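Report on one structure; see the data block that follows.
Just so it is clear, none of the values below were taken in a lab; they were calculated from the coordinates. Computed from a predicted model, the values in this text were never measured in an experiment. We place every Cβ from the backbone using ideal geometry, glycine too, and count neighbours over all the protein chains shown.
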Amino acid sequence: MREKIRMGLIGGGKGAFIGAVHRMAASLDGLIEICCGALSSNPETAISSGKDIFLPENRTYTSYTEMITAESKLPVSERMHFVSIVTPNNVHFEPAMMALDHGFHVVIDKPITLTLDEAKALAQKAEETGLTVCLTHTYSGYPMVKQAKYLVAKGDLGKIRKVVVEYPQGWLSQPAPNENKQAAWRADPSKSGISGCMADVGTHAAHLAEYISGLKITKICADLNIVVEDRLLDDDGNLLLKFDNGANGLLMASQIAAGEENAIKIYVYGEKGGLEWHQMEPNTLTVKWLDQPMQVYRTGTSYMSDIAKANTRTPSGHPEGYLEAFANLYKNFALTLNANLTGEKPTEAMLDFPTVVEGVRGMAFIENVVASSKSDQKWYDFKI
């Protein structure tokens, strides 16, 4: 019998932007309930944050170690099924490893860990335990992104020749005030890792390029920049790319593009035509043909592919956006867990979410980009 999937939240307390997004996304389809949490490393904040979202007092924990240990001792019918980790990058690896060691599945924000070695160790642990890890590369959850992937995989565009992906933001165009918690940890190498902008948004762009095209990046020529004085990590970068079918590409990610909001966009060009998708107009996919008029696909219409329909909730003309895309990852993850709990085989549609495999590639992307930028080589091989 199917049951509601129980979620424990690590991080995401007061003052955390992404924690609220995870809670809303997880709850949207009624498949998941938040049953416990360790919402802050500060005990007082953890307790008050738990009260704010009506967690039971006895399941509001003051550390992730306390939560995972206590939950593992509860009856199977009561304990959480998985943890969702929404902390800064330096607090991803240890709670994820502990959760897997105690038999809990994991949802984790990108980038998956602080280093590539940690990502590989986490992948090994997931394989050993047979547990599921979902990585929240949000943009792959949009219906029109799935439609784009479908058209490419079907061969409608022919052999892919070029992929261009941009992720410009402007929120770090000036030095951030000390009280801006979201900016502070992203600019701190001890919390963010060896990269700032490329780790934060460049990984999203790289994943989107590989997800839609079905190709893998094999070579990189990177130029990372620190534009705002006294920053310790990159806030801007430009990449040339080579893919495993011989296609070439461009990736630009910037957090100092003054005036830009969250303008990720992608262009994929094949022998017969190209497609274009913009996150800030997410319900539209434009397809341009070499020998026929341009087509405009719209979310919720009857002509969409089955995979796009499976990730759409409302009729055409009723916009779906960021929260719904985020929720698609949680929905597919929850359906996969429920199938496993009932002894069924998850369908291809259920399994359509990023995993620890994409997490390892994301960490490899960061390390290869940083190494390429420091190197005098024109082309730097993508190594994992």
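Would you work out if segment 22-82 is rounded, prolate or oblate? Take a ≥ b ≥ c from the square roots of the eigenvalues of the alpha-carbon gyration tensor; rounded if a/c is under 1.5, else prolate when a/b is larger than b/c, oblate otherwise. Show your work: numbers first, answer last.
On the way: a/c = 1.98, a/b = 1.10, b/c = 1.79.
It is oblate, given that a/c is not under 1.5 and a/b is not larger than b/c.
Take the Cα atoms of segment 5-131, build their convex hull, and give its volume per residue in Å³.
On the way: hull volume 12.5 nm³, N = 127.
Expressed per residue, the convex hull around the Cα atoms of segment 5-131 is 98 Å³.
Please sort through the DSSP H helices of the chain and keep those with an alpha-carbon extent of at least 24 Å along the long axis and a Kyte-Doolittle average not below 0.0.
Numbers: long enough: 322-341 (29 Å, 0.35); 356-374 (27 Å, 0.66).
Helix filter hits for the chain: 322-341, 356-374.
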| task | Starting at the first residue of segment 9-16, write each ³J(HN,Hα) from the Karplus equation 6.51 cos²θ - 1.76 cosθ + 1.60 with θ = phi - 60°, in whole Hz, x for Gly and Pro. | result | 10, 10, x, x, x, 3, x, 9
| said: Given the DSSP H assignment, sum -39500 (n - 2.57) over each helix run of at least 4 residues in the chain and divide by its residue total; what's the result at 222 nm in deg cm²/dmol, nearest 500? | reply: -10000 deg cm²/dmol
| query | Any idea how far apart Lys374 and Ser27 come out in nm if each label point goes 7 Å out from Cα toward Cβ? | reply | 4.4 nm
| said: I need Ile85, Ile10 ordered by Cβ neighbour count within 10 Å, fewest first. | reply: Ile85, Ile10
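Roughly how big is segment 260-309's charge dipole about its Cα centre, with Cβ charges of +1 (Lys, Arg) and -1 (Asp, Glu), in debye to the nearest 20?
Details: 5 positive and 7 negative charges, 35 e Å.
For this selection, approximately 160 debye.
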| query | What's the percent breakdown of Cα-Cα distances in segment 129-231 across 10 Å bins, shortest bin first? | reply | 11, 36, 30, 19, 5, 0
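In a shell of Cβ-Cβ distance under 14 Å around Gln377, excluding Gln377 itself, what net charge do Lys and Arg (+1) and Asp and Glu (-1) give? Working shown, then result.
On the way: positive: Lys219, Lys242, Lys374, Lys378, Lys383; negative: Asp223, Asp376, Asp381.
Charge balance in the 14 Å sphere: +2.
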| note | Residues whose built amide H sits under 5 Å from the amide H of Asp234, excluding neighbours closer than 5 in sequence, are Gly196, Cys197
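How many Lys pairs in segment 246-350 lie less than 17 angstrom apart by Cα atoms, where the lysines are 8 or more positions apart or on different chains?
On the way: Lys265/Lys288; Lys272/Lys288; Lys309/Lys331; Lys331/Lys345.
Within segment 246-350, the lysine pair count is 4.
Taking the Cβ of each residue in His102, His92, His204 as the centre, tally the other Cβ atoms inside 10 Å and list the residues starting with the fewest. The partial results should precede the final answer.
Numbers: His102 16, His92 26, His204 22.
The most exposed by this proxy come first: His102, His204, His92.
Does segment 63-187 classify as rounded, prolate or oblate by the C-alpha gyration tensor (a ≥ b ≥ c root eigenvalues; a/c under 1.5 gives rounded; else a/b over b/c gives prolate, otherwise oblate)?
Details: a/c = 2.35, a/b = 1.30, b/c = 1.81.
Verdict is oblate for segment 63-187.
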| If the cut-off is 18 Å between C-alpha atoms, which lysines fall inside it for Lys378, apart from same-chain ones fewer than 8 positions away? | Lys219, Lys242
| remark: XL table Lys14/Lys73; Lys149/Lys383; Lys14/Lys383; Cα-Cα > 32 Å flagged, in table order, is Lys14/Lys383
| field | Interchain or long-range residues, amide H under 5 Å from Tyr380's placed H | value | Ile220, Cys221
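If packing is taken as the mean number of other Cβ atoms within 10 Å per residue, what is the order of 68-79, 44-55, highest first?
Details: 68-79: 13.5, 44-55: 16.2.
Averaged packing, sorted descending, gives the order 44-55, 68-79.
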| remark: Note on segment 291-384: alpha-carbon gyration tensor, axes a ≥ b ≥ c; rule is a/c under 1.5 for rounded, else prolate if a/b larger than b/c, else oblate; result oblate
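How big is the charge dipole of the chain about its Cα centre, in debye rounded to the nearest 20, if each Lys and Arg gets +1 on its Cβ and each Asp and Glu gets -1 on its Cβ? Could you put the intermediate results ahead of the total?
Details: 37 positive and 45 negative charges, 177 e Å.
My answer is approximately 840 debye.
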| For the chain, with the dipole built from +1 on Lys and Arg beta-carbon atoms and -1 on Asp and Glu ones, taken about the Cα centre, which of Ala253, Thr45, Ala334 lies farthest toward the positive end? | Ala334
